[in-house]
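Written below as structure tokens is the structure these notes are about.
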Amino acid sequence: MSSKRITTIGVVFGGRSVEHDVSIVTGQQVMRAFDKEQFEVVPIYIDRDGKWFTGDALRDLKSFEQPVHTLDGVQEVVLSPNTNHHGLIVNPLPSGLFGKSQIKRLDVIFPALHGTHGEDGTIQGLCELADIAYTGCGVLASALANDKIVSKVVLRQHSIPVLDAVSLSRAEWEQAPDRAVAHILSVLKFPVFVKPATLGSSIGVARADDEAMLRRHIDIASSFDRRILVEAAFTGGVEINCAVIGSDPDIEASVLEQPITWEEFLSFEAKYLQGGEGMKSAERIIPAPLTEAMTHEIQEIAVRAFQAIDGHGTARIDFLVEPETGEIYLNEINTLPGSLAFYLWQEKGMSARDVVEKLVKVAQAAQAEKRRNTYNYQTSLVSLTAARGLKGVKGTKHSTSAE
Ligand SMILES: Nc1ncnc2c1ncn2[C@@H]1O[C@H](COP(=O)(O)OP(=O)(O)O)[C@@H](O)[C@H]1O
Ligand SMILES: [Mg+2]
């Protein structure tokens, strides 16, 4: 009998995001990837309204066809920010005679959420408060990569090629649309892409070929987000994605994929797939058909971009590329890509199990590193202030109460 300690992993999926359903699938893939001998996997599902649940039924995709609270053994939970709990409070609001709260301690949290409230630094912040190790990028890298406007500024500062763009706020647009259009057209030529700063899954993203379309698309994008990006369109190229894994200075790049976009899809299918191969293989070409030199250049930029945002764990980095001219632009960094891009690591001989185990190791190393920081700094401020009275203390004279 081995006395190896079992690590308890809370896999969080679902979430208050337009990518809720994709996240359920990613969550199931992640839970299945773990070796049950070494890990106890705790499913943690956040519904569309933001309620949290745990229970064995959440390990089955079919369970999500009905409201999960109706399922046997499924209980409400919250992830406690209290470091003493170090995990979940199960049944946080006990009701009825036998209702009782319990603590379920977690060693590591594995966010398998996409988009808002999951890929944007928010759940990462909760894990920080709880002082629990968590996989993937930290608060800063997550929030940065999720913001198409700020990430462009940071990447450009690190000499990573990005397309020219103009940003504007909803208020600027509503107050002076003509001025905004004039400014955009003084910097960019048509066609352009209009995007909400922080959504994913192409929601609100549209190409504008003239001024009327530009105005219409900004109207739409500004209904999704308070800040909008208008970017030069990259025409005639292809999309190329590259995943990275690890943490600085040990970051590895995956093989490249060329996802098939919808227009290309039909012609691609007509050309290559008449033999009746499954749709799945038609979604992407792996490895992407690029020269070795270009492949290396993209992998090198992907690693540098991950370092630039202080990335940890993994990300899938998406590029717009023109294979003929060798032009490469980084389009966006997805810190929690669908399926965690497991399929890209397979090509390098890394199974989904290898990927999740590596992410847990990186998470634990990051936590150990954090433990080296000093958070406690003893001063005599409080006792001195108590002795002198609050009156003279800077900033407290006109203290306002919280709203
Ligand atoms: N500047 C651009 N030029 C050409 N195509 C673009 C450009 N920006 C976005 N696209 C297309 O739109 C898609 C969605 O845009 P993206 O920035 O990736 O947003 P999302 O976060 O929603 O995935 C891209 O995958 C690409 O096909
Ligand atoms: Mg994208």
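What accessible surface, in Å², does a 1.4 Å probe find on GLU283, ignoring ligands, DNA and RNA and rounding to the nearest 10?
The accessible area of GLU283 comes to roughly 80 Å².
Roughly what % of DSSP beta bridges within segment 33-153 run antiparallel, to the nearest 5?
85
Which percent, to the nearest 5, of DSSP beta bridges fully inside the chain are antiparallel?
The antiparallel fraction comes to roughly 80 percent.
With every protein chain present, what accessible area does HIS20 have (1.4 Å probe, heavy atoms only), rounded to the nearest 10 Å²?
10
Rounded, prolate or oblate: which fits segment 164-232 when a ≥ b ≥ c are the square roots of the eigenvalues of the alpha-carbon gyration tensor, with rounded for a/c under 1.5 and prolate only if a/b beats b/c?
Because a/c hits 1.5 or more and a/b fails to exceed b/c, segment 164-232 counts as oblate.
Please name whichever of GLY136, ASN334, GLN367 sits farthest to the positive end of the charge dipole of the chain, dipole taken about the Cα centre and charges placed at Cβ: Lys and Arg +1, Asp and Glu -1.
GLN367
Report the charge-dipole magnitude of the chain in Debye, nearest 20, computed about the Cα centre from +1 at each Lys and Arg Cβ and -1 at each Asp and Glu Cβ.
2000
Give the carbon-plus-sulfur fraction of the accessible surface of the chain in %, rounded to a whole number; probe 1.4 Å, heavy atoms of protein chains only.
That share works out to 51 percent.
If you average the sequence gap of Cα pairs under 8 Å that are 6 or more apart and divide by the length of segment 95-175, what percent do you get for the contact order?
Contact order relative to length: 22 percent.
Can you pull the accessible area of VAL362 for me, 1.4 Å probe, Å² to the nearest 10?
About 20 Å², ignoring ligands and nucleic acids.
Considering Cα pairs under 8 angstrom that are at least six residues apart, work out the relative contact order of the chain and quote it in whole percent.
Across the chain, relative contact order equals 15 percent.
For a quick check of your reading of the filter: which GluC sites (Glu not before Pro) in segment 1-103 sit in a DSSP loop and have no more than 16 other Cβ atoms within 10 Å?
Taking segment 1-103 and a limit of 16 other Cβ atoms within 10 Å, the loop GluC sites (Glu not before Pro) found are GLU37.
Could you give the size of the charge dipole of segment 93-148 about its Cα centre, using +1 on the Cβ of each K and R and -1 on the Cβ of each D and E, expressed in debye and rounded to the nearest 20?
Value, rounded to 20: 300 debye.
Between segment 56-90 and segment 340-366, how many Å separate their Cα centres?
Their Cα centres are 25 Å away from one another.
Under 1.5 on a/c is rounded, so check that first for the chain, then, if it is not, pick prolate when a/b is larger than b/c and oblate when it is not; a ≥ b ≥ c are the square roots of the alpha carbon gyration tensor eigenvalues.
Cα axes put the chain in the oblate bin.
The values are calculated or read from the model by the stated rules, or taken from the named source; none is laboratory data. Source: prediction; values computed, not measured. No Cβ is skipped: glycine too gets one built from the backbone with ideal geometry, and neighbour counts run over all protein chains shown. The accessibility values were calculated without ligands, DNA or RNA, using every heavy atom of the protein model including side chains. Shrake-Rupley method; radii C 1.70, N 1.55, O 1.52, S 1.80 Å.
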